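The values are calculated or read from the model by the stated rules, or taken from the named source; none is laboratory data. Note that the structure is a prediction, hence the values are computed from the model and not measured. Cβ placement follows ideal geometry from the backbone for every residue including glycine, while neighbour counts extend to all protein chains displayed.
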Amino acid sequence: MSIDLTEETITGAVQQTFDESKDDRLREIFVSLVQHLHDFAREVRLTGDEWFTAVNFLERVGHVSSPTRQEFVLLSDILGLSVLVDQINHGNGSATDSTLLGPFYVEGRPRVENGADISGGVAGMPLFFGGTVVDPEGRPVAGADVDTWHSDGDGFYDVQQADKLDGEPAMRGLLATDDNGRFSFRSIVPRYYPVPTDGPCGEIIRAAGRSPMRPEHIHFWFHAQGYEPLVTMLFRGDDPYLERDAVFGAKRSLVADFVQHEAGEDAPDGTVMAEPFQTVEWIFVLEPGRR
Ligand SMILES: [Fe+2]
């Protein structure tokens, strides 16, 4: 019955409308969602003005979102939902720890050869990254797709400076591992940065008096036949924001050594460098596919 509903009976009435759904998982999710959403409103005694503010907020999150501005992802990130979902679905211990995707992954990234310079001409301290992708037994995973993306030395991604870069991608690329599971690229050293606060999510951050800062990191997303995809990132150990990541994604298991080298030393690709540079090496372990 859905007439003369009260604060108590409306929840069951809405949940009942999913009874006939042929999709068991959809019914499970919506029945639970309605329960928690209604309990939440009852618990905080949500006012009409507050409800309207929330609807207006979500509308603005939608309006500001685009393929290169993922405000909904950011909202999920700053509320800890992205990392929670990741924790629920990963973390059996045999593979490299995963973490959140973040709002700066974009589809339009170039496929590049190993060893390529992916900086897109953005100035900064050179960084040489070398990675090996293996299975839990340490056997190399060949032919894995490796997406990587990171900020510049001021903490900005290419999509945040599209005007300056004429919309060209920079500091991101899609690589593939060779027969030894190896991949490598040259770029520039990234830096810690604030999540974007010029949109609706910034209002929450300011209202809470929270820090918007994320520790410095390099993003990776691995896809390989027969393995679970892995979304992860590497951090640096001496980062001032490592223990207070605005989106809760930092993990000690993902702290890498960013090794400092002086001018005149050889880079991993054999180049004699005329300026200081950094190198990072990491072994990524993929979990075999679950089906
Ligand atoms: Fe990031």
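Of the residues that sit in region 213-239 and are away from the ligand (no atom under 16 Å from the Cβ) and outside any strand (DSSP E or B), which one is surrounded by the most Cβ atoms within 10 Å (Cβ to Cβ)?
Within region 213-239, the match that is surrounded by the most Cβ atoms within 10 Å (Cβ to Cβ) is ALA224.
How many residues does region 240-266 contain that are loosely packed, with under 15 Cβ neighbours inside 10 Å and part of a loop (DSSP other than H, G, I, E, B)? Lay out the reasoning, then the answer.
Taking region 240-266 as the starting set, the residues that turn out to be loosely packed, with under 15 Cβ neighbours inside 10 Å are 240, 243-244, 252-253, 257, 259-260, 262-266.
Keeping just the survivors that are part of a loop (DSSP other than H, G, I, E, B) gives 240, 243-244, 257, 262-265.
Adding up the residues that qualify gives 8.
Search region 117-162 for residues being among the hydrophobic types (A, V, I, L, M, F, W, C) and within 14 Å of the ligand (Cβ to nearest atom), and hand back the single one that is surrounded by the most Cβ atoms within 10 Å (Cβ to Cβ).
Once the filter is applied, the top-ranked residue is TRP149.
Among GLU8, GLU71, GLU20, GLU43, which is touching a Gly at 6+ places or on another chain (Cβ under 8 Å) and of a type in the set (Asp, Glu)?
Selected residue: GLU71, the only one of GLU8, GLU71, GLU20, GLU43 that is touching a Gly at 6+ places or on another chain (Cβ under 8 Å) and of a type in the set (Asp, Glu).
Within region 163-181, which residues are more than 16 Å from the ligand (Cβ to nearest atom), among the basic types (Lys, Arg) and surrounded by 15 or more Cβ atoms within 10 Å (Cβ to Cβ)? Working first, answer last.
Step one: of region 163-181, the residues more than 16 Å from the ligand (Cβ to nearest atom) are 163-168, 174-181.
Going one step further and asking which of them are among the basic types (Lys, Arg), we end up with 164.
Hits for region 163-181: nothing passes.
Sort out which residues of region 33-88 are among the small types (Gly, Ala, Ser) and not in a helix (DSSP H, G or I), and write them in order of number. Before the answer, list the steps.
Keep residues of region 33-88 that are among the small types (Gly, Ala, Ser), which gives 41, 48, 54, 62, 65-66, 76, 80, 82.
Hits for region 33-88 are SER65, SER66, GLY80.
Could you tell me how many of the residues in region 61-80 are under 12 Å from the mean Cα position of the chain (by Cα) and without any contact (Cβ under 8 Å) to a residue 40 or more places away in the chain?
Residues that pass the stated criteria total 3.
When you look at GLY120, is it part of a loop (DSSP other than H, G, I, E, B), out of contact with any helix residue (DSSP H, G or I) (no Cβ under 6 Å at 6 or more places or on another chain) and small (Gly, Ala, Ser), yes or no?
When the stated conditions are applied, GLY120 passes them.
Say we look at region 98-116 and pick out the residues that are under 23 Å from ARG214 (Cα atoms) and small (Gly, Ala, Ser); which of these is modelled with the highest pLDDT?
My answer is SER98.
So which residues in region 4-32 are within 22 Å of VAL55 (Cα to Cα) and assigned to a helix (DSSP H, G or I), if there are any at all?
ILE10, THR11, VAL14, GLN15, ILE29, PHE30, VAL31, SER32
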